[in-house]
Amino acid sequence: MTFTKSRQFIIGLVVTPLLAMGCGEEVDTVDTDEQLMSLARASISQIEGELTLDGLQEPVEVIRDRHGIPHIYAQNTDDLFFAQGYVMAQDRLWQMELWRRWREGRLAEIFGPEAFDYDARTRLMMYRGPFDDREWTSYHAEGERIFTAYANGVNAYVDTQADNLPVEFKLTGIRPGRWTKETVVRRWTGLFFPSAGNDAGDEIRLARSVAELGVEEANRRAAPLPWDDLVVPEGLDVTIVHEDIVNAMRKGEGDPLVPGRLPQLELVEPYTGLVPTDRQAEAPTEEQLLEIGSNNWAVSGALSITGQVMVVNDPHRRLENPSLRYYSHLNAPGWNVIGASEPPFVGVTAGHNDRVAWGYTFAGVDVNDVYVEELHPDQPDMVRWRDGWEPLRVITEEIPVRGEEPREVVLKYSRHGPVFYEDPENGVVYAVRSITHEPGTAPYLGCFRMAQAESAEDFFERAMFWKVPTHNLVFGDVEGNIAFQVSALTPDREGWNGRLPVPGDGRYEWQGFREDLPREYNPQRGWVGTANNDSHPPDYTGRPVMFHSSRGVEYSRIERMKQLLQSNRKYTVDDHKRIQLDAYSLRAEADIPSFQGWTSDDAEVDRARALVAGWNGVLNRDSAGAAIWYRWRGEAEAAAYDAETPDDERQPLVEAGLRKTVDRLKSELGEDWGEWRYGRLQKSPFTHLLSDAFSLPAVERSGGFGTIAATSVSFRHILDTEDWDRSVFIITPGQSGQPGSPYYGSLLDTWGNDEYLQLAFSREAVEALAGHRLTLSPR
């Protein structure tokens, strides 16, 4: 095959200079970055032609379209998910290996002691079984079979490519681990729980606020939505909840794979000189890390130009290279589903089949509780339970650490869950009960229930199997129905609501899990939608399942969405694009009048004031007014933009903030005001974890800062139930995670320019868009 010959030719070109470099000879003719890219190109997966593999029953056809989406056509379920595992490993094995190590608590083995806290937190919080039918069938009746096939497909790629693994494995000498069905269902392991509201950290912080300010003031500042009269649980002493607990909780929290959080991985011979050991990877800004919200909506046929439902989704998480998300199309008897997923990339988590479409946003349901366990005065591993005492369960494990001996960790568990802080001075330990220790709570895998849905009739039942993350699911079908469901394995707390820690002595226990979650079906307004808001419908009469904050609601994405989705309009695909890309700031709309109707004696300040005063409130990447206002929001005192500040007091505060803003922007962007533009403050980096030779250019973005057009959106799609082939999508930076692949970073410019691409679904549309064809045949 021509592909194989060209790859052999590249290998012949690159190996000699690399080996010579390893022997200490100087290499002057080939640039270091080009050496790395040449090695990467020699390592890319075969995506054209035919491969024979052990483990398949029948041939599988993989058509990668020109956007890099693999359309996988199999003749049975086992082959379908085996092929998905193989294809995912082709495009994302390095990313999958790092994810596996993170979720198994084995990062320190390759990164060294700096990763130890992450591993220790994972070991403490990980799900330890049982892996039985309650686990597998929660996702799908054939969940165990599906995940086994997927893992076998990943392993098949590793086995067949053992001598030519992706470039990152060659450079570091790391060998990919084996996948099992248990690997596929690894859980999130944080105390600060993604997608949940009022997580363990929130409970501890609120308890500290109560101790400092009193119940009423602490609750006023928290501003719960819906409103709740905060009650301190009987038996809770908030005065012993101290700051050291919060600090301890932060150790090992968050995403360790954010560039710059862990040290540079060491390269092995003969590649040791190709990446500087002191390389500082470009990291996303703090705001970009915090902007993890999402938008979704579905409009009925009455609001659609086609007369049929459209479903729209754009989840926001950290932008990274390779992308957090990946698009797949899975087709076999009983399966025909297309859409996006995230690690471990099995199935389709947001998308459509030939009958229904669905999308999600984080809901913020409270699914964790902190228990303050009273210690026995003489036996430190015994805690109170009702009128007696019971032992903590203790596990001792070793964590391998690069460059040193394995470290021992002692993990303790009460009946409620992992003990994350011990306070012998006050005679208590703190444990967390989390739904992630319940069967069926691997993130996103409830999607398998959605993948085979036929209509909205059974949507609500299927949605109850979507246990993690806590999501607002929107749904639409070809019969014209739209629906919304809050989905999470939601604890039933009788007589208490989980906002504060509770004693672990038996007075505050979960009474199973709730089924009365908020939902809507074909509402009269003609649309359903969410934006990480308080999504209890107006007519919901049950106990609240979440508590958001009322602070800033008037400027939120959901309020802007309500302005743009009107019941007297009919929307096209292009209209939905404009809504997804809407960068108008309601917060700026409220602030702009404060810059109008006055002048400053400081010429620079007045120039900046005038630019904001005449600005249209759109966070356009080319706008100077947007740049000035955005920085002013961070430099001015809060009273400058507090609606309750009297006008005569506000103006000097606005002016003082502008002076600071001008000074900062001159330092950041230079003296030339013509170069002051918002996009320079909203650059999205696409840094490769290992080498800048594989990094992609940072992109200046419009939107962000609370607008619908979030800068942290890694994919968008608009799904048209009237004609699935009219659906559109975009993902960034590309489908493949292999530098040198034709699909590595190939969609970055399209995404950066706010453009969309066809999401081909029918066989005819896929054939018309075909880019590469690969047949996987049984050996």
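The values are calculated or read from the model by the stated rules, or taken from the named source; none is laboratory data. Keep in mind it's a predicted model, so treat the numbers as computed, not measured. Please note: Cβ atoms are built from the backbone with ideal geometry, for glycine as well, and neighbour counts cover all protein chains shown. Heads up: the accessible areas ignore ligands, DNA and RNA and are worked out on the full protein's heavy atoms, side chains in. Shrake-Rupley method; radii C 1.70, N 1.55, O 1.52, S 1.80 Å.
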For V428, distant residues with modelled amide H under 5 Å away: L375, D423
If you find the alpha carbon centre of the range 84-138 and of the range 624-664, how far apart are they in angstrom? 46 Å
Per-residue accessible area for V428 at 1.4 Å probe radius, Å² rounded to 10? 10 Å²
Label N164 and E61 with points 7 Å out from Cα along Cα→Cβ: what is the distance between them in nm? 2.5 nm
Length gained when the stretch D672-D354 is fully extended (0.36 nm per residue, less Cα-Cα span): 109.0 nm
Using a 1.4 angstrom probe and counting only protein chains, how large is the accessible area of T160 in Å², to 10? 60 Å²
Full-extension gain in nm, D606 to T306, via 0.36 nm per residue minus C-alpha separation: 103.0 nm
From the phi angles alone, apply the Karplus equation (6.51, -1.76, 1.60; θ = phi - 60°) to the range 491-504 and give each ³J(HN,Hα) in whole Hz, x where the residue is Gly or Pro. x, 9, 9, 8, x, 8, 10, x, 6, 10, x, 9, x, x
Using a cut-off of 18 Å between alpha-carbon atoms, which aspartates and glutamates can reach K666, once sequence neighbours fewer than 8 places away in the same chain are excluded? D602, E604, D606, D622, E635, E655, E675
Run through the range 94-153 and list the trypsin sites (Lys or Arg not before Pro) located in a DSSP loop whose Cβ has at most 15 other Cβ atoms within 10 Å. R128
Karplus (6.51, -1.76, 1.60) ³J(HN,Hα), θ = phi - 60°, over the range 228-239, in Hz, Gly and Pro reported as x: 9, 6, 4, 10, 6, x, 4, x, 8, 9, 5, 5
Please compute the Kirkwood hydrodynamic radius of the range 470-542 from all pairs of different C-alpha atoms, in Å with one decimal. 14.4 Å
Ordering F460, F686 by the accessible surface of their heavy atoms, 1.4 Å probe, largest first, yields F460, F686
With -39,500 (n - 2.57) per DSSP H segment of 4 or more residues and division by the full residue count of the chain, the 222 nm estimate, nearest 500 deg cm²/dmol, is -9000 deg cm²/dmol
Förster-model FRET efficiency, 30 Å R0, T272 and E405, C-beta, rounded to 0.05: 0.75
Within the accessible area of the chain, what % is carbon and sulfur when the probe is 1.4 Å and the other protein chains stay in place? 46 percent
Could you go through the range 438-449 in sequence order and give the Karplus-derived ³J(HN,Hα) for each residue, using 6.51 cos²θ - 1.76 cosθ + 1.60 with θ = phi - 60°, rounded to whole Hz, and x for Gly and Pro? 9, x, x, 10, 5, x, 6, 6, x, 4, 5, 5
Using a 1.4 angstrom probe with every protein chain in place, what is the largest-first accessible-area order of W673, W389? W389, W673
Percent RCO, i.e. relative contact order, over the range 327-476, from Cα pairs under 8 Å lying at least 6 residues apart: 26 percent
Given the whole protein assembly as supplied and a 1.4 Å probe, what does the accessible area of R205 come to in Å², nearest 10? 100 Å²
Rank by packing, highest mean first: peptides 392-401, 556-565, with packing defined as the count of other Cβ atoms within 10 Å averaged across residues. 556-565, 392-401
Compare the peptides 378-385, 614-621 by average per-residue count of other Cβ atoms within 10 angstrom and give them in order, highest first. 614-621, 378-385
Can you give me the long-range amide H partners of V383? Hydrogens built in the peptide plane at 1.01 Å from N, cutoff under 5 Å, separation of 5 or more residues or another chain. H376, E390, L392
For the chain, dividing by residue count, accessible area per residue (probe 1.4 Å) in Å² works out to 38 Å²
For T541 and E217, FRET efficiency with R0 = 35 Å and r from the beta-carbon atoms, rounded to 0.05? 0.70
Given a 1.4 Å probe and heavy atoms of the protein chains only, how would you sort R261, R659, largest accessible area at the top? R261, R659
Quick calc: nm separation of the 7 Å Cα→Cβ label points for R128 and D31 -> 5.3 nm
To the nearest Å, what is the center-to-center distance of the range 554-600 and the range 311-325, using C-alpha atoms only? 22 Å
FRET efficiency for R551 and R250, using Cβ-Cβ distance with R0 set to 25 Å, rounded to 0.05: 0.60
In Å, what Kirkwood hydrodynamic radius results for the range 586-680 from the alpha-carbon pair distances? 13.1 Å
